[in-house]
1. I'd like the full set of residues that are surrounded by fewer than 16 Cβ atoms within 10 Å (Cβ to Cβ) and at pLDDT 90 or above, limited to the range 435-456.
2. Residues TYR39, TYR70: which one is of a type in the set (Phe, Trp, Tyr) and under 29 Å from the mean Cα position of the chain (by Cα)?
3. In the range 22-34, is there at least one residue being part of a strand (DSSP E or B), open to solvent by less than 30 Å² (accessible area, probe 1.4 Å), touching a residue at least 24 places away in the same chain (Cβ under 8 Å) and of a type outside the set (Gly, Ala, Ser)?
4. Is there any pair linking a residue in the range 133-153 that is more than 24 Å from LEU26 (Cβ to Cβ) and free of Cβ contacts under 8 Å to residues at least 40 places away in the same chain to one that is open to solvent by less than 90 Å² (accessible area, probe 1.4 Å) and not in a helix (DSSP H, G or I), with Cβ under 8 Å and at least six apart or on different chains, and which?
5. Kindly state which helices (runs of 4 or more DSSP H) lie completely within the range 199-270 and contain at least 3 residues that are surrounded by 15 or more Cβ atoms within 10 Å (Cβ to Cβ).
6. Could you please find all residues in the range 310-348 being among the β-branched types (Val, Ile, Thr) and within 18 Å of ILE210 (Cα to Cα)?
7. Name every residue in the range 112-168 that is part of a helix (DSSP H, G or I), of a type outside the set (A, V, I, L, M, F, W, C) and at pLDDT 65 or above, in order of residue number.
8. Can you go through MET380, MET331 and tell me which one is touching a helix residue (DSSP H, G or I) at 6+ places or on another chain (Cβ under 8 Å), open to solvent by 30 Å² or more (accessible area, probe 1.4 Å), closer than 26 Å to THR446 by Cβ and part of a helix (DSSP H, G or I)?
Amino acid sequence: MNTIKTTNTPWNVIINLAMAYICYGLCRLTFILENWGLYHENLSFASLINIFKGGFVFDSSAIFYTNSLYILFVLLPLHYKETPVFHKITKWIFIIPNSICIIANLMDVAYFSLTQHRATALVFKEFENEGNIWQILGIESLRHWYLVVIAIALIFALVKFYRSSQTIEKSYPLKKYYIKQTILLIVTIPLAIGGMRGLSWSPAMRPIRIGAAHQYVNRPQEAAIVLNTPFSIIRTLTKNEINIPVFFKSHSELDSIFTPVHNPLNNVAQKKKNIVILIVESFAQEYVGSLNRTLDNGKYKGYTPFIDSLLNHSLTFEETFSNGGYSIDAMPAVLSSIQRMGNAYVLTQYSLNTINSLASELENWGYQTAFYHGADNSSMGFQAFAKSASITDYFGRTEFCQDTDFDGDNEFDGTWAIWDEPFLQYFCKGISQMKEPFLAGVFTATSHHPYRIPEKYKDVFKDEGLHKIHKCIKYTDYSLRKFFASASKQPWFKNTIFIITADHATNLTTHDIYKTELGHFRIPILFYDPSGEMPIGKKEGIAQQIDIMPTLLNYLGYDKPYIAFGQDLFNTPPSETWAFNWEGIPQFIKGDYLIQFTNNKVSCVYNYKKDPLLKHNLKGKVAVEHDMEKQAKAIMQSYMERMKADSLVIK
């Protein structure tokens, strides 16, 4: 009988990885103590528990990334590797990466005081041309000698207590060895992948990213404690440093063309109205019949009878656009006036920047703030962004299921989130318990793949239309009707401004006008004021998601300066309104024209009103091209400079 001599057990791997977790935790504790002056006033025992809980999630990701080769070497079902030499090689495949991670974490303990954020992969580019880098490291090592001592102690502990596979005299049946190792490997692979993703095994959840650290802290500055440096570096390895195009060498010239600084308006009466924002999943403009009167020879009815009726009492604009094409672009755009600029803001290394938002500004006026989304609380990173945007309370699937007035997980759609109808009723109940004035937002979910609706409505919305999403749109529209029916009975209703918009449009389109590079971004944007104080009808001009924040703040008479990349739609002449989106290619829309860029140069110019299918490139043929190009470039440069400098708030 073929046999093998080894004590290769899964406990060796578990114990060694546990040592890595302990080292990461001690590095985090060192980080807190070294930077105690920055944090001690706001840290409590409860907040520290939450921080270390989040830290465990981020540490898991880094540990499974950096130890994947070690795990593979130990569990690989190949008996030829069970030799003393191979076991020693495996040991150092564990020791070396984890030692590097310890050193990186502890170096960042000192480096953080200079940068105020965790080091990312960009640190290598930052110092790649520094000829005296070793001299600097030597000096800093002497200054922070105690960090060197901690690093040596932790690495020594890894070496001392490492559990290695040992070759012993007891024979082990070869067949049993292969069965055992194969099973262990098959079980470990999905566990390791889930660990890399941030202890997430659900396909509905995105892999954890840097910005997700916000959901475990009370203040944005504390997110750095939750993170670890190896994770920050790994997650930004494929993120290029933001390339700031210098179109304007003079900042005075740049600011004269575009500046995101908004100053208070003079002689505007303060109106501390409640704000309710409804971001509706995939609610493309094409689906709203009253916004498409000319389609199908005037016969098009759309799929949103309630929104059509609400438009008769609301304010909208002639042209309305999203600033991104993904759900994760919507909250930054709507709540913080931060657009997608090539990459989603929340996926960039700048997602830990200090930002302002409707919530951060209105809290100066005593507003209570909350955000609702019916998916798992960490889904899409919405809770994390809500924290970074200074939104006080977040309510997701967990909180919904704890409310005995609703049917808990029986209302879960089986894939993404709670069905829209019950969750919007939960939203209404929740904001009815808030103290006025308040800012509350909700992100719906049902109008999304796999395009299902509750079983009890299968006969009510049985006409699927031309696409499967159409029945979902009808159901969501019905859910909005029921929400407003409930809200209209509340005492806060008439003192509230409602904003209804979409996160983005969708590729499930029927009409050619919505299949173009511009049509892909067309969404509804409605302002509804039940008191009748706000104008009603379709106003001339262009509106986009990033305009919502400055428009509302100025309308309320907000009395402090703030940063917003959008415009105040009520105090900007229609001819000066514009929209910008960048998903694949940068696009700038103003007046009747759309310009597109390739490699920072205008490549296409269209009169999108006369040429809605964008078939006739007018580059070099229209007088407005030059001024539009200058303004678009000023927007890009200002955005990128401020992102890199972490200059998104008025200090």
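1. Passing the criteria: LYS435, GLU436, GLU455, LYS456.
2. Matching residue, one of TYR39, TYR70: TYR39.
3. Checked the range 22-34: no residue is part of a strand (DSSP E or B), open to solvent by less than 30 Å² (accessible area, probe 1.4 Å), touching a residue at least 24 places away in the same chain (Cβ under 8 Å) and of a type outside the set (Gly, Ala, Ser).
4. ILE133/PHE127; ILE136/GLU130
5. 223-226, 229-235
6. ILE328, ILE338, VAL346, THR348
7. SER113, GLN135, GLY138, GLU140, SER141, ARG143, TYR146, LYS160
8. Result of the check over MET380, MET331: MET380.
The values are calculated or read from the model by the stated rules, or taken from the named source; none is laboratory data. This is a predicted model, so every value here is computed, not measured. As a convention, Cβ positions derive from the backbone with ideal geometry for all residues, glycine included, and neighbour counts pool all protein chains shown. For the accessible areas, the whole protein counts, side chains as well, though only heavy atoms, and no ligand, DNA or RNA atoms are used. Shrake-Rupley method; radii C 1.70, N 1.55, O 1.52, S 1.80 Å.
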